[in-house]
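The values are calculated or read from the model by the stated rules, or taken from the named source; none is laboratory data. Note that this is a predicted model, so its numbers are computed, not measured. The protein model used for the area step is the full one, side chains on, heavy atoms only, and it has no ligands, DNA or RNA in it. Shrake-Rupley method; radii C 1.70, N 1.55, O 1.52, S 1.80 Å.
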Amino acid sequence: MASASDVAALVTGVRAGSRGDIARAITLLESTRADHREAARDLLAELTPHTGKAVRVGITGVPGAGKSTFINALGCRLIDRGHRVAVVAVDPSSRRTGGSILGDRTRMADLAASDSAFVRPSPSGRHLGGVARATRESMLVLEAAGYDVVIVETVGVGQNEIAVSEMVDTFLLLTLARAGDQLQGIKRGILELADVIAVNKADGDGEGPARVAARELSGAMRLMMPGPDLRRPPVLTCSAVTGSGLDEVWAEVLHHREWLESKGSLEVRRAEQQQEWMWALVDAELSDGVRAAAHDIRDEVEAQVRSGGLSAVEGAQRILDAYHAISG
């Protein structure tokens, strides 16, 4: 799988839109084997010139906001309009196997069944913020395969929202009305990251509370961003079940992208994201290198730290000493 001929075949297959080759290419990107990482770099070098044209959207939300149901409904709507939609769902990883455990394909059944869609869970592994190192690379593969809308769904926990916001054009916060405390559970930092905010489940008895929540959020954004020249994220209501408001939410996503382009900010944002990606790759490679260098002493050091024979500081120093001894 890691030979030059295999990489060339994958490039051809991905460019032709072969679902099997797309899946194999992403699997290669997710591998941590040294030969696979080298092949992955060659693969990306060939595919990158064919990327950059898709609308990149990150979607996060409070627990229970219905992110997967929302993405399923929105994605099907976009496909009906002639788009090709790819979803990379950043899943929490099993500590035992390292694999994804949420199974987003089962929650996006309609979208996953479409020939014009590709849904891929991306196990978060141990990397900072719970975002897989391969998530950005998977996005590039999907763009090279011709998907013109790429959605990244976050787990909605930890700092992964920050990481995802640094790899998309528009960051959409999905929330819902709560009984009397709509703003509870929404971190200020996430609100500051949001480009568009949508209150989901605005249907039936939930329609009224959703509109109240939207007004409260709009007021909160005015307080957080009081300057007249600042762009405040629009706050809308929608229902992934009935489809109400989904067109308006997508229109705001496109409007934000147009606003970025009019300011010359889209290219700047993507250039800055490339820089952040570079350092993320450096950090990941260093982390893997340290763990590999400490392989022979890892169990011993961990046992001593757990028993109190070594402090965490002393244990870390032994691990780093082992790395420096190998790296020179």
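Things worth noting here:
- GNM result for the chain, Cα springs below 10 Å: residue of 62, 88, 164 fluctuating most strongly: 62
- Entry note: the stretch 184-328 has Rg to Rh equal to 1.22, where both radii use alpha-carbon atoms and Rh is the Kirkwood radius.
- Across the chain, the relative contact order, built from alpha-carbon pairs under 8 Å that are at least six residues apart, equals 16 percent.
- Cubic angstrom per residue, convex hull over Cα atoms of the stretch 32-79: 132
- Spatially close lysines, pair count over the chain: Cα under 26 Å, gap of eight or more or interchain: 5
- Across the chain, Cα-Cα distances exceeding 30 Å account for 40% of all pairs.
- Crossing angle, helix 312-327 versus the chain [Cα axis fit, 0-90 degrees, rounded to tens]: 70
- The chain - percent of accessible surface contributed by carbon and sulfur, probe 1.4 Å: 53
- Percent of alpha-carbon pairs separated by more than 13 Å within the stretch 287-328: 46
- The chain, helix-only ellipticity at 222 nm - DSSP H runs n ≥ 4, -39,500 (n - 2.57), divided by all residues, nearest 500: -17000 deg cm²/dmol
- Largest first, the residues 295, 36, 324 sort by 1.4 Å accessible area into 295, 324, 36.
- Highest GNM mean-square fluctuation among 245, 58, 289, for the chain modelled with Cα contacts below 10 Å: 289.
- The stretch 26-95 - accessible surface per residue (Å², probe 1.4 Å): 42
- Ranked by solvent-accessible area (1.4 Å probe, protein heavy atoms only, all chains present), the residues 197, 190 order from largest to smallest as 190, 197.
- To the nearest ten degrees, helix 67-80 and the longest principal axis of the Cα atoms of the chain are 70 degrees apart.
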